[in-house]
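Beneath this line is the structure, given in structure tokens, with notes to follow.
No lab work stands behind these numbers, since they all come straight from the coordinates. These numbers were taken from a predicted model, which means no experiment stands behind them. As a convention, Cβ positions derive from the backbone with ideal geometry for all residues, glycine included, and neighbour counts pool all protein chains shown.
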Amino acid sequence: MPLLYVPGNHDPSLEPPDMSWMPLRTELPPAPGPQGCVNIDGRIVQANGLRIAGLGGSIRYKAGPNQYSQAQMRWRALKLEFRTRLGRVRNGRKLDILVTHAPPFGLADAVDSAHVGFVAFARLIRNFQPLLAVHGHIHPYGRQIPERRIKAARVINVVPSRMIEI
Ligand SMILES: [Zn+2]
């Protein structure tokens, strides 16, 4: 099983550098981000028979990479939704796991402007009803945050780490 991840708002930009005017070289620079891991931001991948999609970043609350307005994230989610619908599946479920940094809107335990969730995530989860939607960004500081649901999908805050059976 590969190690899949999405960047958070405290991570550097993982956009590949613009190479269009670089001198020709034999070796390309390594892809940004943790080596040996797979960035699934804005992508859907298949791993161990599961279809797993990711959307990194948080709501924009200051300057910096990996932050988006609700409208920008709606657009990113629509592109992902389009790709997800194209997938051919045997069991009828187009999406098994959604991995996001920020929570879906309405389910966050914090309501300050930096930690409000994305409306687009709640919509994705309602539309596709994955088995599991995991997110970070909300630090519970020792409190136990109960598992929540959007329709049939389990929604779990995985800060700082979680082992989940599916
Ligand atoms: Zn965060």
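Couple of notes before you dig in:
- Shape of the stretch 27-166, Cα gyration tensor, a/c cut at 1.5: rounded
- Highest mean packing comes first when the peptides 93-106, 66-79 are listed by Cβ atoms within 10 Å, giving 93-106, 66-79.
- Ranked by how many other Cβ atoms sit within 10 Å of their own Cβ, fewest first, the residues Ile138, Ile44 fall in the order Ile138, Ile44.
- DSSP-defined beta bridges in the chain - what % are antiparallel, rounded to 5: 30
- Annotation: extensible slack from Arg85 through Gln129 equals 14.6 nm (criterion: 0.36 nm per residue apart, minus Cα-Cα distance).
- Helix 70-86 axis versus longest C-alpha principal axis of the chain: approximately 90°, rounded to the nearest ten.
- Shape class of the stretch 90-166 from the alpha-carbon gyration tensor: oblate, with a/c at 1.5 or above and b/c at least as large as a/b.
- For the pair Val119 and Ser13, the difference between a 0.36 nm per residue extended length and the Cα-Cα distance amounts to 35.9 nm.
- The angle separating the long axis of helix 119-128 from the principal Cα axis of greatest extent in the chain is about 70 degrees.
- Of the residues Ser13, Ser161, the one with the fewest other Cβ atoms within 10 Å heads the list, and the complete ranking is Ser161, Ser13.
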